[in-house]
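Here is the structure we will look at, set down as C-alpha cells.
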Amino acid sequence: MSTDVGRETLTRPIQAPSKRYVGALLAALAGIGVWLFFYYQQLSNGLIVTNLADWGSGGGVPWGLYIGAFIWWVGIAHGGIILSAAVRLLGMDTYQPVARMAELLTIAALTCAGLYIMIHVGRPDRLVTSVVPAWPTRVQWSPLMWDVTVITAYFVLTATYLLLTIRYDIHRLRDRLPDTFEPLYKALMLGYSEKEDQVVERMVWWLAFAIIIMAPLLLHGGVIPWLFALLPSMAGWAGGVQGPSFLSIALTSAVSGIIIIAAAFRYVYDWEELIPDQVFYGLSKWLGFFALLFLWLQLQQVMTGIFAAPTTLQHATEVKLSTPVYWVAIGLVGLGLLYIFASALKASLFSIPRIVAVSFLVLVGTLIEKTLFVVEGLQHAHFALYDGVPGHYIPSPVELSSILGAVGIVVLFFLVVSKVIPVVELHAIQDHHDDAEATEVSD
Amino acid sequence: MPDEDKTDQTTSFSEDETRRMERVLDDTEYDTELGVEMAKDAQRVAAGELGEAEFYRQYHEDILEEFGEDDRELNGLLDDVGNVDAGDGEGVGDKLQALADEKDLSRREVMKKGGAAVAALSIFASAGENRAASAEGEGGDEYDGTRWGMTINLNNCDGCLACMVACDQEHKLSGGANWMYVFTYEDDHQDDENFLVRPCQHCTDSPCTKVCPVGARHTREQDGLVLTDYEICIGCRYCEVSCPYGVNYFQWGEPDHPQSEIPESQSQDERGRWVGARPPEGVMGKCTFCVDRQDGKMGDDKIGTTACEEACAMDAIHFGDLNDPESAPNTHLEQYKDEQENDMTFQNRKEHTVSTFQLMEERGTDPNVRYVGNEPSQDAEQVEGPVSYEDVGLVDDRKEEVLDNGAMANQEGGEEA
Ligand code: SF4
Ligand code: SF4
C-alpha cells in the first residue's frame with residue numbers, strides 16, 4: 001500500500017466524529033451512568049446493598065463478583081501486555097496493527113481492576129491514607145499488597161511503553177493530528193529528536209523482554225493466584241496449578257478482548273486493509289490454543305479434586321461440578337474452541353462477526369469462571385461445621401451494574417484515546433523505505 | 001543517665017524490637033527511655049558484648065531507686081553479680097524474677113510495680129531463645145510476656161448460649177455478628193449432643209495478620225491479642241477469607257448501636273489504638289478477648305477475665321495468661337490431664353478419658369484457645385441446640401435474617417457511627 005493512503009487510513013478515527021462514534025459514546029456514558037446510580041447507593045448505605053455476607057455462621061461469602069471481576073480485568077490486562085510484548089519481541093509483524101490496541105486495553109483494564117478494588121473495600125476513603133504508610137512494612141507479607149504493587153508496576157511499564165512508541169508516531173503524523181490537542185502533543189514530544197528512535201526501539205525491546213520474563217511470576221502468573229492459593233482456610237483454592245490456570249484464563253480473555261476491539265475499529269473505520277482478515281484468523285488460532293490450555297487445566301483440577309482427594313477438596317470439587325453455571329462457563333469456552341477448530345479445518349467457516357461472537361461468549365465464560373472460583377472457594381472451608389456453609393450468593397443489582405460501568409469505562413477510554421492518538425502504530429503500515437527504520441520489515 | 005548513643009556496639013536493634021520494648025515499658029509508670037536503654041544493654045550482656053558486672057555498675061542506682069524498699073536484697077544481689085557464672089543458668093534476670101516470686105507478685109504486677117528496671121530485665125530474660133527454652137524446662141520462671149488464652153472445657157458446656165449473649169451485649173454487636181459462637185452438633189463417633197464453643201482463636205501464627213494489606217489486623221506484642229485497628233482497616237475482608245475458623249464479622253451496614261453508646265475507654269486500648277467493642281461501618285470485627293478488660297479499662301478486678309467466661313455458669317471457659325503456670329486456663333488443663341491419662345484419639349474415646357485439642361491444629365495456626373473434650377470430625381453436622389439462638393435474642397444466619405433485607409432496614413438505623 002502506498003504510505004500516504006496508509007497514513008490517511010491510520011488517522012481516520014481522529015477526524016470529525018461519526019454518528020456511530022456518537023452512538024458508542026452515548027452507550028458508554030449510559031453504562032457508566034447506570035453504575036454510578038447504583039454505586040451511589042453503596043456509598044450511602046455501605047456494602048450491605050450487595051449480596052455479600054460473612055462466611056461461617058453468617059451464611060454467605062465475603063468476596064464475590066467484585067473480586068471475580070477484579071481478577072478478570074487484571075487477566076485481560078496481563079494477557080494484553082504479554083501479547084503486545086510478544087509481537088515486539090518475536091517480531092510477529094502480522095499482529096503489529098493490534099499491538100497498540102493491546103497496550104491500550106491493558107491500561108484500560110488495569111484501571112478497571114483498580115476501580116474494582118475501590119468498590120470492593122468497605123472504606124475506599126482510606127485507600128490512600130492506610131495503604132501508603134503501610135506499604136514498606138506490609139509489602140513483604142500481604143499478597144494483596146503484592147498485587148497492588150505489581151499492578152502499579154505494570155501500569156507504569158505499559159504507560160512508558162506506550163509513551164515511547166507514541167512519540168515516533170506523533171512526530172511523523174503531526175500534520176494530520178488536530179490542533180486542539182497541541183499542548184498535549186507538545187508535552188508528549190518533550191525533548192524529542194529523530195535520533196532517539198533507534199534508542200527507543202532498543203528500550204522498547206528490553207521492556208518487552210522484561211514483561212515476558214516477568215509474565216509467569218507476576219499478575220496472573222503469580223501474585224493474583226497467590227491471593228488464594230496460599231491460604232490455609234479454603235479447600236478449593238489451594239494448589240500449585242492455580243498460577244498456570246489463571247495465566248491461561250488471562251491470555252484467553254485478552255485475545256478475546258483484542259479481537260472485539262480490533263473488529264470494532266475495523267468495522268467503524270473501514271479498516272479492512274489496515275487490519276486484514278489474516279490478523280483475525282491468526283488471533284482466533286491463538287484464542288483456540290489458550291482456550292485449550294484453559295480447559296486442560298480445568299481438567300487437571302477436576303481430576304485431582306475428585307479421585308480419592310482429601311475430603312474437603314473432594315467436596316469442593318463435587319459441588320463445583322454439580323453447579324450448572326460452572327458448566328455454562330466451561331461450555332462457552334468449549335463451544336468457542338470447537339468453532340475455532342472447525343474453522344481451522346474448513347476456512348470457509350471463518351468470519352469476523354462469528355469470531356467476535358465467540359470472543360464475546362468466551363469473555364462471559366471466563367468472567368463466570370473467575371467469579372465462581374472466588375465464591376465456590378469460599379463456600380467450602382476446611383472448617384465445615386457451620387450450617388450456613390455453603391451459603392448462597394447471587395450478585396445484587398448494585399454489583400452487576402459495576403460490569404456495565406467498567407465496560408463503559410473501557411469503551412469510553414478507547415473512544416477518547418482514538419481521537420487523540422493513532423490507535424494503530426505507524427510501523428504497521430511502513431515499508432522498508434519509509435523513514436529511518438533500517439530494521440523494519442513489514443508484511 | 002546512661003542514655004548515650006550506643007550505636008557503636010555490635011548488637012543492633014530493629015525498630016520493631018525497640019517498639020516492642022517501648023510498649024512493654026509504657027505499661028509501667030517509669031521512665032521508658034531509661035528502660036529501653038537498659039533492655040538493650042541487657043541484651044548486649046546476653047550476647048556477651050557487655051559484662052554483667054559492668055551492666056550492674058551502670059544501672060544499679062536506677063534499680064535501687066525503683067525498687068525502693070527492696071534495696072537490702074538488691075544490694076545483696078549486686079554483691080552476687082561478680083560471682084554469676086554465665087554457664088550456671090542463673091542469670092541476673094532469674095535473680096530478679098526470683099526476688100519477685102519471693103514477694104509473691106504476679107508477673108503482670110512485676111511489670112507494673114517493678115518499673116523500668118524489672119521490665120527491662122524481663123525483656124532481657126526473654127531475649128535469647130536458649131534462655132526462654134531453659135526457662136520452660138524449669139517451669140517457666142522467666143517472665144516472657146503475657147499471652148492471653150483460654151481453655152474451654154466442652155464437656156462442661158450445656159449449650160445455654162449465655163456466653164454469646166454476654167459477648168453481644170458487652171461489645172454492642174450488630175445482629176448476627178456472633179463473635180462468640182456455640183455450635184451444637186452431632187458426629188459419627190460421638191453420642192448425643194456435642195458442643196463447640198468458638199471465639200476467635202487468637203492464633204499465635206495467625207493467617208489473618210499476615211494477609212492484612214495495611215497492618216490493621218495485628219498481634220499486640222505485649223500479650224498476643226489479635227486485634228483490628230478500626231482506624232486503619234480498609235475493609236478488604238482478606239483477614240476474613242484467610243481465617244480457617246470463620247470468626248470474622250464485617251460491618252456491612254450501619255452498626256445497630258451507635259458509637260455514643262460505647263464509652264471511649266472501651267474503644268481505645270492502652271496503646272491508644274481503637275480496637276475495642278464493635279467496629280464502625282465498613283470495617284472488620286471479631287472477638288478481642290475483651291481487650292478493654294485486659295487493659296484495666298473496666299476496673300482492675302476485670303483484668304484476666306472475659307465477658308463470656310463470666311457469663312458461663314458451667315465453668316466451661318477459663319481465661320488467663322497462658323505463660324503463667326498458675327493461671328486458670330493452665331491449671332484447668334493440667335487438672336484434667338492429671339486426672340486421666342490423656343487420650344488424643346477421641347474417636348475411640350472410652351469412658352472417663354479426656355482428650356484435649358487445638359481446633360484444626362493441622363492448619364498450622366497454633367491457637368491460644370485449647371479445648372478439653374472432643375474435636376468435631378469432618379462428618380460432624382450442626383443441629384438445633386437445646387437453646388435456640390432466637391430464644392436468647394440472637395441472630396444466627398446473618399445473611400438471611402439481617403443483610404438480605406438490609407438496605408431498607410439500615411436506612412432506619414441509628415445515628416452515624
Ligand atoms: S481465629 Fe482467625 S481471626 Fe482469630 S487469630 Fe486465628 S486466623 Fe485470626
Ligand atoms: S478487612 Fe481490615 S483488618 Fe481485615 S485484612 Fe482487610 S484491612 Fe486488614
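The values are calculated or read from the model by the stated rules, or taken from the named source; none is laboratory data. Treat the numbers as computed from the prediction; the structure is a model and nothing was measured. FYI the Cβ positions are ideal-geometry reconstructions off the backbone, even for glycines, and counts take in every protein chain you see. Surface areas here come from the heavy atoms of the whole protein model, side chains and all, with no ligands, DNA or RNA. Shrake-Rupley method; radii C 1.70, N 1.55, O 1.52, S 1.80 Å.
Structure summary
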| read-out | value |
| --- | --- |
| Count of segment B:215-230 residues which are facing chain A (nearest Cβ under 10 Å) and at pLDDT below 95 | 1 |
| Residues of segment A:117-147 satisfying the condition of being aliphatic (A, V, I, L, M), part of a helix (DSSP H, G or I) and at the interface with chain B (Cβ under 7 Å from one of its Cβ atoms) | A:Leu127, A:Val131, A:Ala134, A:Leu144, A:Met145 |
| Helices (runs of 4 or more DSSP H) (entirely within segment B:243-340) containing at least 3 residues that are buried (at least 18 other Cβ atoms within 10 Å of the Cβ) | B:291-294, B:307-311, B:328-339 |
| The lone exception for B:Asp205 - which of (1) more than 10 Å from chain A (Cβ to nearest Cβ); (2) open to solvent by 10 Å² or more (accessible area, probe 1.4 Å); (3) of a type in the set (D, E, K, R) it fails | (1) |
| Test: residue in segment B:157-164 that is open to solvent by less than 20 Å² (accessible area, probe 1.4 Å) and either not in a loop (DSSP other than H, G, I, E, B) or not assigned by TED's automatic domain parsing to the domain that holds B:Lys399 (or both) | yes |
| Residue check, A:Trp141 within 16 Å of ligand 1 (Cβ to nearest atom), open to solvent by 20 Å² or more (accessible area, probe 1.4 Å) and on the phi < 0 side of the Ramachandran plot | yes |
| Within segment A:88-116, considering residues that are open to solvent by 10 Å² or more (accessible area, probe 1.4 Å), under 27 Å from A:Pro62 (Cα atoms) and of a type outside the set (A, V, I, L, M, F, W, C), the one nearest to the other protein chains (Cβ to nearest Cβ) | A:Gly114 |
| Subset of segment A:42-81 [more than 7 Å from chain B (Cβ to nearest Cβ) and among the polar types (S, T, N, Q)] | A:Gln42, A:Ser44, A:Thr50, A:Asn51 |
| Residue that is farthest from B:Cys287 (Cα to Cα) [pool: residues in segment B:175-193 that are within 11 Å of another protein chain (Cβ to nearest Cβ) and either out of contact with any Asp or Glu (no Cβ under 8 Å at 6 or more places or on another chain) or crowded, with 23+ Cβ neighbours inside 10 Å (or both)] | B:Phe183 |
| Inter-residue pairs, beta-carbon under 7 Å, first closer than 13 Å to A:Val411 by Cβ and in segment A:22-37, second β-branched (Val, Ile, Thr) and open to solvent by 60 Å² or more (accessible area, probe 1.4 Å), 6+ apart | A:Gly31/A:Val407 |
| Check on B:Val211, within 11 Å of ligand 2 (Cβ to nearest atom) and facing another protein chain (nearest Cβ under 9 Å) | yes |
| Complete set of residues in segment B:203-232 that are more than 13 Å from ligand 1 (Cβ to nearest atom) and not polar (S, T, N, Q) | B:Pro213, B:Val214, B:Gly215, B:Glu221, B:Asp223, B:Asp229, B:Tyr230, B:Glu231, B:Ile232 |
| Conditions (1) within 8 Å of ligand 2 (Cβ to nearest atom); (2) hydrophobic (A, V, I, L, M, F, W, C); (3) more than 17 Å from the chain's Cα centre (by Cα); (4) assigned to a helix (DSSP H, G or I); number of the one not met by B:Ile234 | (4) |
| Which listed residue, of A:Leu36, A:Leu65, A:Leu26, A:Leu10, is within 25 Å of the chain's Cα centre (by Cα) and modelled with pLDDT under 90 | A:Leu10 |
| Segment B:357-388 - residue that is free of Cβ contacts under 8 Å to residues at least 12 places away in the same chain and assigned to a loop (DSSP other than H, G, I, E, B) and, of those, farthest from ligand 1 (Cβ to nearest atom) | B:Ser388 |
| Boolean, B:Cys200 is near ligand 1 (Cβ under 10 Å from one of its atoms), under 27 Å from B:Thr146 (Cβ atoms), outside the structural domain of B:Phe319 (by TED's automatic domain parsing) and in contact (Cβ under 8 Å) with a residue 12 or more places away in the chain | no |
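Each row is one residue, and each column tells you yes or no for (1) within 10 Å of ligand 2 (Cβ to nearest atom); (2) touching a Lys or Arg at 6+ places or on another chain (Cβ under 6 Å).
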residue: B:Asp191; (1), (2): no, no
residue: B:Phe195; (1), (2): no, no
residue: B:Thr204; (1), (2): no, no
residue: B:Arg217; (1), (2): yes, no
residue: B:Leu227; (1), (2): yes, yes
